[in-house]
Structure formats: C-alpha cells, structure tokens
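Q: Below is a structure I'd like to ask you about.
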Amino acid sequence: MALRVALLPGDGIGPEVIAEASRILKRVGDLYGHALTFSTHAIGGDAIDRHGQSLPDDTVRACLEADAVLLGAVGHPRFDDRLPAERPEAGLLALRQTLGGFANLRPALCHAPLADRTPFKADRVHGADILIVRELLGGIYFGEPRGYTSADSAYNTLTYSRAEVERVAHVAFAQARLRRHRVASVDKANVIETSRLWRTVVTEVARAYPDVVLEHVLIDTCAMRLATAPTSFDVILADNLFGDILSDQAASVAGSLGVLPSASIGGRVDLYEPVHGSAPDIAGRGLANPIGAIASAAMLLRLTARLPREAEAIERAIDQALASGARTRDLAGPGEPYLSTREMADVIELALVDLHDRQHTYHAV
Ligand code: NAD
C-alpha cells in the first residue's frame, strides 16, 4: 500500500527520535513491500526560529494532505518567559485541534524485561497492559465560559454533549474488541452531572458491544487501583481531564517515559507522537530513548494504515531488543552500560529484519 507520512521532528530530542522512528518505518516499507513516503516540516520552537510562528501554514497544509502525522516533541526553556500563545506548545495544541483527533490512545505496557525498572514491585506490575482512551477535544479544557472574575476568583466550565461521549466510547469499545474485551469507564458520577451523562451514554453504547464487559469506576478508585492492581485493567475510557491524569499515572507501569507511544485518532488526519516532551536536559547527546517514537510508528501502521502484521513486527522487535538486554540510559541501572539513541534503533532494526526473515523462511517452507 502507499502511505504519505508528514514528519514533524520539533524541538530538543524530537529530531533525534523521529530520525530513528522514520528509519524503522522505511525499513518496514522495504521489507513488506509498502510505498511509504515522507516529508518533513517545522513545528514548535524550531518553527518559531525559522518561520516566526510555532505552526506555519505550510506545516498545516502538509499535515492535512498526509495520511498520518508523526511528531517528535515541542518546547524549550528559552521560550519560558513568552505568553502561552507565543510558545512552542501553542503550535502543537493548534495542530491537534486542526487535525481533529478526538480520541487519544495511550497504551501503557510493562515490557517483561523492564518489570524491575518501575516504581512497583515487579510481580505486581508484571503483565500490566493498559490502553487509556482519553477524550481529547472536549470537557473542562475547552469549556466556555472560563476566566477570572477578579484577581482572587477564577472559574472553568465542564460540559459534554451526548455526541462527544458517544464517539469516544465507540473507539474504546472497538479497541477493547481487539484486546481483552474489557472497558473500565471512569467518572465521578456520585458528584458531577457531566459524569452522570457520561455514565448513561457509555452504558447505552455498551449495548452495541455485548462481547465487551463494561465496568464504571470512580476516578478516585481508579487512581488507587492503578497503583495497587494495574493488571486488573484492559481499556480505560476517560474524559479529557481524568484521562490526562490517569494516562500519566498508568505510564508508571512502563519503567520510563521514553518508551510510551500515543495516537490521536478520529479526526481529519491521525496524529502519532511519543508521550515524552523535548527533554532539553539530554537533547543532542544521543541519550534519548527512541522506543516511544518507534512504538508510535507501530500504532500508525496499525490504526491508520491498517497493517497489523507490520505493526506487530515493530512491537515484537522492540520486545526482542529489550529482552536481549539493549538499554538506553533511562533504562539502564546505575553503572550499567547503555546504548545511544541510534544504537538502540539499530538493535530494533536488526530484530525487525530477523523476524521478517524468519516469517519469510517459514512461509517458504
Ligand atoms: P520531558 O518529557 O521532556 O522530560 C522529563 C524527563 O524525562 C527528563 O528528565 C528527560 O530527560 C526524560 N525523558 C523524556 N523523554 C525521554 C526519552 N525519550 N529518553 C530518555 N529520557 C527521556 O518533560 P519536561 O522536562 O517537563 O518538559 C520539557 C519540555 O518539553 C517543556 O518545554 C515542555 O513544555 C515540553 N513538553 C512537550 C510535550 C510534547 O511535545 N508532546 C510533552 C511534554 C512536555
């Protein structure tokens, strides 16, 4: 198949991890016979420096013409004294809204070789495999009216419509069908009206998925259970605010921020990005873990390109690399040797080729 991917490396470690993720994507294309084409565009601080704005029109146009967007990260402390609208992050927020992906998918997986690298006891976190589906374009982050009534008083508005809840709930149930057929829908229905609507609508949507088990979990209980029994979850469905908080908490089962991917789907063009930021403290030194970006590329192949075999090949190559002991600095223990960004991607690429060759040999036999 043919696939046009717009690459937005951005700032800090963004260009380093996107270079490796796009290299892996190209390799998959070569191995499995897909015509993947790439174009690279500016966003964030890099775009402010070169074009005077964090989201240039050319970048928007290129993203809207692409089949998918793969973004690194944006942000740098040298912009910290600017107004929010003039900072690199404004470009990313504007892009997310323009592309319109309302369902933010954040898998948090405990790779077995990393079970001893998390803040949890290894036996508690071993086997944890959670997918957070977060509503991304509604809720309290966007509700109007909002603002200050005085220097001492401020307010926000939390609204959800039936349609907004329905569409993201369908994504969660559809994802559960591809996994372990369980959805935990998070709300605060004992206190908040929008949560009561959320619970009612999710319950109605669930009727279309009789093979998926639905449970409603209060946000506070969910936070506690993520720490005490992370393996008890499959898909977690949450609104914008709860999902934002829970997805960072769930990420702790993974061992490092550097391994976490994400997808924002359901809009005009799907957007894929590692969960981490631009990490200015390690930028330009080959210390970034490229796995979050490479796993985001795998999500792109599964969700946008509908190439599950190729997506799984990347995910298995990551597992294989980690099982072989390959570690970037964030994953290495004190005094342990570690690989550079490029070297980690090299190990993953080798594993990918090895897996492909073995599949090929198997089919030939
Ligand atoms: P961060 O995610 O950039 O870094 C947090 C810590 O994790 C740092 O110690 C960093 O070295 C480490 N880290 C992050 N990614 C890593 C990787 N791939 N490999 C190894 N270590 C990694 O968060 P921050 O320091 O709070 O923010 C830095 C900048 O990034 C800020 O300007 C912030 O606004 C921006 N940011 C952007 C995004 C995004 O583009 N989606 C997300 C979060 C933060």
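The values are calculated or read from the model by the stated rules, or taken from the named source; none is laboratory data. This one's a predicted model, so the numbers in the text were calculated from it and none came from an experiment. All Cβ positions, even for glycine, are placed from backbone atoms using ideal geometry, and neighbour counts span all protein chains on display.
Q: Given the residues Val275, Val269, Val353, which is the only one that is in contact with a Cys (Cβ under 9 Å, 6 or more places away or on another chain) and touching a residue at least 60 places away in the same chain (Cβ under 8 Å)? Spell out how you get there, then give the answer.
A: Numbers: Val275 fails: in contact with a Cys (Cβ under 9 Å, 6 or more places away or on another chain); Val353 fails: in contact with a Cys (Cβ under 9 Å, 6 or more places away or on another chain).
Matching residue, one of Val275, Val269, Val353: Val269.
Q: Could you tell me which numbered condition Ile318 fails, if it satisfies all but one of (1) at pLDDT 95 or above; (2) of a type outside the set (Asp, Glu); (3) part of a loop (DSSP other than H, G, I, E, B)?
A: Single failed check for Ile318: (3).
Q: Taking Ile282 as the residue in question, decide whether it is assigned by TED's automatic domain parsing to the domain that holds Leu31, buried (at least 17 other Cβ atoms within 10 Å of the Cβ), in contact (Cβ under 8 Å) with a residue 12 or more places away in the chain and under 19 Å from the mean Cα position of the chain (by Cα). Walk me through how you get there before you give the answer.
A: Numbers: assigned by TED's automatic domain parsing to the domain that holds Leu31: yes; buried (at least 17 other Cβ atoms within 10 Å of the Cβ): yes; in contact (Cβ under 8 Å) with a residue 12 or more places away in the chain: yes; under 19 Å from the mean Cα position of the chain (by Cα): no.
The answer is no for Ile282.
Q: Please go through (1) outside any loop (DSSP other than H, G, I, E, B); (2) within 16 Å of the ligand (Cβ to nearest atom); (3) charged (D, E, K, R) for Glu215 and return the number of the only condition it doesn't satisfy.
A: If we test Glu215 against (1) outside any loop (DSSP other than H, G, I, E, B); (2) within 16 Å of the ligand (Cβ to nearest atom); (3) charged (D, E, K, R), just (2) comes out false.
To keep it simple, each residue is scored yes or no on (1) within 13 Å of the ligand (Cβ to nearest atom); (2) in contact with a strand residue (DSSP E or B) (Cβ under 9 Å, 6 or more places away or on another chain); (3) touching a residue at least 40 places away in the same chain (Cβ under 8 Å).
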site	(1), (2), (3)
Ser296	yes, yes, yes
Leu301	no, yes, yes
Thr304	no, yes, yes
Pro308	no, no, no
Ile318	no, no, yes
Thr328	yes, yes, yes
Leu331	yes, no, yes
Glu336	no, no, no
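Q: What number of residues within the stretch 174-195 satisfy the criterion of being in contact (Cβ under 8 Å) with a residue 40 or more places away in the chain, hydrophobic (A, V, I, L, M, F, W, C) and closer than 18 Å to Leu136 by Cβ?
A: Number of matching residues: 2.
Q: Oh, and also: Out of Ala251, Ala279, report the one residue that is within 12 Å of the ligand (Cβ to nearest atom) and at pLDDT below 95. Let's see the steps before the verdict.
A: Details: Ala279 fails: at pLDDT below 95.
Checking each option against the conditions leaves just Ala251.
Q: Can you pull out the residues in the stretch 95-120 that are part of a helix (DSSP H, G or I) and at pLDDT below 95?
A: The answer is Arg96, Gln97, Ala112, Pro113, Leu114, Ala115, Asp116, Arg117.
Q: Also, quick follow-up: For residues that are touching a Leu at 6+ places or on another chain (Cβ under 9 Å), closer than 18 Å to Glu315 by Cβ and either of a type in the set (Phe, Trp, Tyr) or part of a helix (DSSP H, G or I) (or both), tally how many sit in the stretch 9-38.
A: Residues flagged as touching a Leu at 6+ places or on another chain (Cβ under 9 Å), closer than 18 Å to Glu315 by Cβ and either of a type in the set (Phe, Trp, Tyr) or part of a helix (DSSP H, G or I) (or both) within the stretch 9-38 amount to 10.
Q: Report, by residue number, each residue of the stretch 63-79 that is near the ligand (Cβ under 7 Å from one of its atoms) and assigned to a helix (DSSP H, G or I).
A: If the condition is that a residue be near the ligand (Cβ under 7 Å from one of its atoms) and assigned to a helix (DSSP H, G or I), then Pro77 is the only one that fits.
Q: Then there is this: Might you let me know whether the stretch 33-53 holds any residue that is free of Cβ contacts under 8 Å to residues at least 24 places away in the same chain, under 24 Å from Arg309 (Cα atoms) and either surrounded by 17 or more Cβ atoms within 10 Å (Cβ to Cβ) or more than 20 Å from the chain's Cα centre (by Cα) (or both)? Working first, answer last.
A: Initially, the stretch 33-53 is screened for residues free of Cβ contacts under 8 Å to residues at least 24 places away in the same chain, giving 33, 49-52.
Next, only the ones that are under 24 Å from Arg309 (Cα atoms) stay: 33.
Checking which are either surrounded by 17 or more Cβ atoms within 10 Å (Cβ to Cβ) or more than 20 Å from the chain's Cα centre (by Cα) (or both) leaves us with 33.
For the stretch 33-53, residues free of Cβ contacts under 8 Å to residues at least 24 places away in the same chain, under 24 Å from Arg309 (Cα atoms) and either surrounded by 17 or more Cβ atoms within 10 Å (Cβ to Cβ) or more than 20 Å from the chain's Cα centre (by Cα) (or both): present.
Q: If you don't mind, there's one more thing I want to ask. Within the stretch 121-134, does at least one residue satisfy the condition of being in a helix (DSSP H, G or I) and of a type in the set (Asp, Glu)?
A: As a first pass, look at the stretch 121-134 and keep what is in a helix (DSSP H, G or I): 122-125.
Checking which are of a type in the set (Asp, Glu) leaves us with 123.
Among the residues of the stretch 121-134, at least one is in a helix (DSSP H, G or I) and of a type in the set (Asp, Glu), which makes the answer yes.
Q: Something else: Checking Leu257 against (1) modelled with pLDDT of 95 or more; (2) near the ligand (Cβ under 10 Å from one of its atoms); (3) assigned by TED's automatic domain parsing to the domain that holds Val201: exactly one of these is not met. Which one?
A: (1)
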